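Here is the structure we will look at.
The values are calculated or read from the model by the stated rules, or taken from the named source; none is laboratory data. Because the structure is predicted, anything quoted here is derived from the model rather than measured. Counting neighbours? That spans all protein chains shown, and the Cβs are built from the backbone with ideal geometry, glycine included. Surface areas here come from the heavy atoms of the whole protein model, side chains and all, with no ligands, DNA or RNA. Shrake-Rupley method; radii C 1.70, N 1.55, O 1.52, S 1.80 Å.
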Amino acid sequence: MAKTSIYDYSTAAASNTDIGGIGILGSNAVLNFDNAFREIMAQIATDISPRRLSIQGAIYGLTLSNNVGDAVNDIDIAVGMATTDSVTDPRTMVLATAITKRLDAAWSVGTNQGGWLDGASMPNGTGHAFMMQRSDTGVTDIGFSASTSPTLPANYDRKRRIGSIPREGGALITIKQDGPLFRRATKVDRSSTSAAASALLALSVPTGINVYPLLNYDIATGTASTDAQLLIGGAWEGSATNTIDRVFTTSLANTASVTHGGIGPIFQTNTSAQIYFATTIASGSLSTNVLSTVGWIDNRGTV
């Protein structure tokens, strides 16, 4: 009987008993089984390719941090691994050695070399960090772009966004990353004692992606008989409908009421870094109403 596939070892006599297409009886039973086992295991090893071992969305390490020597322009990237962003053919990329990329210079391969993919240097705005790989050589590097779908350097055909960092006033902001959590130097995004109808408010977080901002607020009454509320809503909600805090005084208590606190990462931004914000003042006035950004949560494609 002719062998029809690598799994078909029915070459012994017709009286042989086949299990899974492998002839296991007859004078050559042991040899047939041994050969079958070896070839099947070889086929399994071939089938377990890097694509099959890659877990979609996996990312480890690759922490971004401001370079000590030039915190204004340079970013250090720690060792780590990430799966490419391909849905149909994910591959695992490894950065075995920490590198530094200069965002005030056009991209060039290697550490302490340029890191900006879009031109000579990064302008104010958001720089998205991409792990990149050449499938022909396996060389891995990091590049930054204002786009979430950047044009990669020649021969680099695999990528994955591993984080994003804003540049403000001609300098990269100071960040502290812990996995998906990015802390930044506190930035006041709104300070007004006036009432505000529900509207989109831009925060000091990356643009181009959806993140969950980490916020602080301070709100205080200015007179007796004041009743005011601070409300927030995610960009997808369409309005600020969630009461974060309410401050009020009465005619019997003429001292100011002051509250402050943090707002957890439950309100998602749109790609313009906006959420909905509102302040209602039913009576009296406010002496303080400040909203500040202290960081954000970025899932970086893990979900």
Check: Near the amide H of T63, under 5 Å away, which other amide H atoms are found, from residues 5 or more places off or on another chain, if H is placed in the peptide plane?
Finding: A78
Next item on the list: Hey, can you grab everything whose amide H is under 5 Å from the amide H of S135? Only 5+ residues off in sequence or another chain; H modelled, so Pro and N-termini drop out.
Entry: D157, R158
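Keeping all protein chains in place, calculate the accessible area per residue for segment 60-172 (probe 1.4 angstrom), answer in Å². Walk me through the numbers before you get to the answer.
Numbers: 4620 Å² over 113 residues.
Normalised by residue count, the accessible surface of segment 60-172 is 41 Å².
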Margin query: Using the Kirkwood radius over C-alpha pairs as Rh, can you work out the diffusion coefficient of segment 61-115 via Stokes-Einstein at 25 °C, viscosity 0.890 mPa s, in µm² per second?
Written below: 203
Next item on the list: Could you work out the Rg to Rh ratio of segment 175-303, with Rh taken as the Kirkwood radius (inverse of the mean 1/r over all Cα pairs)?
Entry: 1.03
Next item on the list: With a 10 Å radius around each residue's Cβ, average the other Cβ atoms per peptide and rank 261-271, 123-133, highest first.
Entry: 123-133, 261-271
Item checked: Derived scalar couplings ³J(HN,Hα) [segment 171-185; Karplus, 6.51 cos²θ - 1.76 cosθ + 1.60; whole Hz; x for Gly, Pro] -> 9, 5, 5, 7, 10, 9, 9, 9, x, x, 8, 10, 9, 10, 4
Notebook entry, point to check: Using modelled backbone amide H atoms (1.01 Å from N, in-plane), which distant-in-sequence or interchain residues come within less than 5 Å of D74's amide H?
Noted result: N67, L103
Notebook entry, point to check: What Kirkwood hydrodynamic radius do you get for segment 54-212 when you take the inverse of the mean 1/r over all pairs of distinct Cα atoms, in Å?
Noted result: 16.4
Next item on the list: Rounded to whole Hz and in sequence order, give me ³J(HN,Hα) for segment 226-241 from the Karplus expression 6.51 cos²θ - 1.76 cosθ + 1.60, θ = phi - 60°, writing x for Gly and Pro.
Entry: 9, 9, 9, 9, 10, 10, 9, x, x, 4, 6, 6, x, 6, 8, 10
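What percentage of the solvent-accessible surface of segment 69-132, computed with a 1.4 Å probe over protein heavy atoms, is contributed by carbon and sulfur atoms?
55
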Check: Lys/Arg Cβ at +1, Asp/Glu Cβ at -1, dipole of segment 176-228 taken about the Cα centre: which of A197, T186, S225 is farthest positive-ward?
Finding: T186
